[in-house]
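Enquirer: Take this structure, written in structure tokens, and hold onto it; I'll ask about it next.
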Amino acid sequence: MSKKDPASSSYYKEPVPHIAHDSPFASMMERFRFAAEILDLDEGVFKYLSSPEKVVMVSIPVNMDDGRIEVFDGYRVIHNSILGPSKGGIRYSDDVTIDEVKALAAWMTWKCAVVNVPFGGAKGGVRVNPKELSQAELERLTRRYTANMLDVFGPDRDIPAPDMNTNEQTMAWIMDTYSMKQKKTETAVVTGKPIILGGSKGRKEATGRGVVTSTLAALGKLRISPSNTSVVVQGFGNVGSVSASLMYEQGAKVLAISDISGGYYNADGIDIPEAIHYVQTHDNSLEGFSGAEKISNQDLLELECDVLIPAAKEDQINKENAPNIKAKIIAEGANGPVTANADKILEDNGIMVVPDILANAGGVTVSYFEWVQDRHGYFWTEERVNRRLNRMMRESFDNLFMVSEKYSITLRQAAYVYAIDRVATTLKLRGIYA
């Protein structure tokens, strides 16, 4: 029986924080409470926004290739739909829990609110090790999960997207299953689809482009020209490589990049197109790249630069190394790369942190664009997608910057103040339906 990694062809995910002990999400919840105190949020509203609207758990029987029947647990949590249909990815993992899904659904509520996308937050998951299933078994699993969620999913109700170990093929199966049950093609029921099935152009680069748009807005506030900017990028996957490439196109000097093989530094600047070509022709690795000298990832983070883009993993900047960070701006391409106990240190040192909840929200923004295009049956050029993404990201940055100045708080704190205020205000206007 042939096995296939379902994530092998995936290049788009809606970024979400990892859930673990002392996780980025736990840090986010502390920031949520802080924001609620600033807003003097009514206790009842706080309780409402802390609780999911709907929690669905289903059993998913699957006919395996060898004739056995296996049963898997499936989840979907709708945290909030005050602003519009709920939105969030579906992950396949053998350690998925309902508490994890609840947490990630709440996080999506705030992320959509920060970028003024008319979606609420949701998240789904199936407890399964997808590497142990064949492609045919994954298809049957996905279609049965979708069939069990027919009363939940819908272009006007809840819109899934790719997440951990799911991809555009998974979304195609969900779309087809839902469409067969509705007896009409409903492309808008999912985002992150193949272009030919109603996916959006510009999706691959959306997260990295959003990081750069936020970075350019921050540079503008500090009156630093992009062409006079030095940049360090940790991580050279989709988000990191796109961020580095776009900053390079702006005339910035990219001093260092890194991947799992280590960091690569060139005081005169790295030729980013050359580095990307090298990775594409060397098993997606920078190992052996001759356009820069090898340094450690830790040394890379502590280089003197104008902009540091951590686009690798969570918890990379912590209380131990935060005092050594010399960047003027940190734009969080990854989720939770700065720990909560490092925030105060960076703030005291005058470093502007563009938080992940804004910086990497380009993905969910272009997911919204995909949904709009599907609803209209009219698809935009990549140039139009990028132009509208840049506008929305800049407007969102400006909104958070104004909130940060109003309350004399950081951009991260401002993000949660802005998001919670937007959802809470909408809730008060709509009222509680009896």
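Enquirer: Being open to solvent by 40 Å² or more (accessible area, probe 1.4 Å), within 23 Å of the chain's Cα centre (by Cα) and not hydroxyl-bearing (Ser, Thr, Tyr) is the filter here, so list the residues in the stretch 31-50 that pass it.
Expert: Answer for the stretch 31-50, where residues must be open to solvent by 40 Å² or more (accessible area, probe 1.4 Å), within 23 Å of the chain's Cα centre (by Cα) and not hydroxyl-bearing (Ser, Thr, Tyr): ARG33, PHE34.
Enquirer: I'm checking my understanding of the structure. Among residues of the stretch 51-106 that are of a type outside the set (A, V, I, L, M, F, W, C) and in a helix (DSSP H, G or I), which one is most open to solvent (accessible area, probe 1.4 Å)?
Expert: Taking the candidates together, the pick is ASP99.
Enquirer: What number of residues in the stretch 284-320 are over 24 Å from SER214 (Cα atoms) and within 25 Å of the chain's Cα centre (by Cα)?
Expert: 5
Enquirer: Which residues, taken from the stretch 277-286, are touching an Asp or Glu at 6+ places or on another chain (Cβ under 8 Å) and either exposed (fewer than 15 other Cβ atoms within 10 Å of the Cβ) or part of a helix (DSSP H, G or I) (or both)?
Expert: Hits for the stretch 277-286 are VAL279, SER285.
Enquirer: Report yes if THR142 is assigned to a helix (DSSP H, G or I), touching a residue at least 12 places away in the same chain (Cβ under 8 Å) and touching a His at 6+ places or on another chain (Cβ under 9 Å), otherwise no.
Expert: Considered against the rule, which asks whether it is assigned to a helix (DSSP H, G or I), touching a residue at least 12 places away in the same chain (Cβ under 8 Å) and touching a His at 6+ places or on another chain (Cβ under 9 Å), THR142 comes out as no.
Enquirer: Report the residue count in the stretch 366-381 for those that are open to solvent by less than 80 Å² (accessible area, probe 1.4 Å) and either under 16 Å from the mean Cα position of the chain (by Cα) or not polar (S, T, N, Q) (or both).
Expert: Here the count works out to 10.
Enquirer: For the stretch 125-139, name all the residues that are assigned to a helix (DSSP H, G or I) and either closer than 12 Å to TRP173 by Cβ or open to solvent by less than 10 Å² (accessible area, probe 1.4 Å) (or both).
Expert: PRO130, GLN135, ALA136, GLU137, LEU138, GLU139, listed by residue number.
Enquirer: Could you check, for the stretch 231-245, whether at least one of its residues is under 27 Å from LEU346 (Cα atoms), touching a residue at least 40 places away in the same chain (Cβ under 8 Å) and surrounded by fewer than 23 Cβ atoms within 10 Å (Cβ to Cβ)?
Expert: Looking for residues that are under 27 Å from LEU346 (Cα atoms), touching a residue at least 40 places away in the same chain (Cβ under 8 Å) and surrounded by fewer than 23 Cβ atoms within 10 Å (Cβ to Cβ), one finds at least one in the stretch 231-245, hence yes.
Enquirer: Could I ask something else about it? So, ILE90, is that one farther than 27 Å from THR185 by Cβ, touching a residue at least 60 places away in the same chain (Cβ under 8 Å) and among the β-branched types (Val, Ile, Thr) or not?
Expert: no
The values are calculated or read from the model by the stated rules, or taken from the named source; none is laboratory data. Remember, predicted model here, so these are calculated numbers, not experimental data. So basically every Cβ, Gly included, is an ideal-geometry build from the backbone, and we count neighbours across all protein chains shown. The area values use the complete protein model at the heavy-atom level, side chains included, leaving out ligands, DNA and RNA. Shrake-Rupley method; radii C 1.70, N 1.55, O 1.52, S 1.80 Å.
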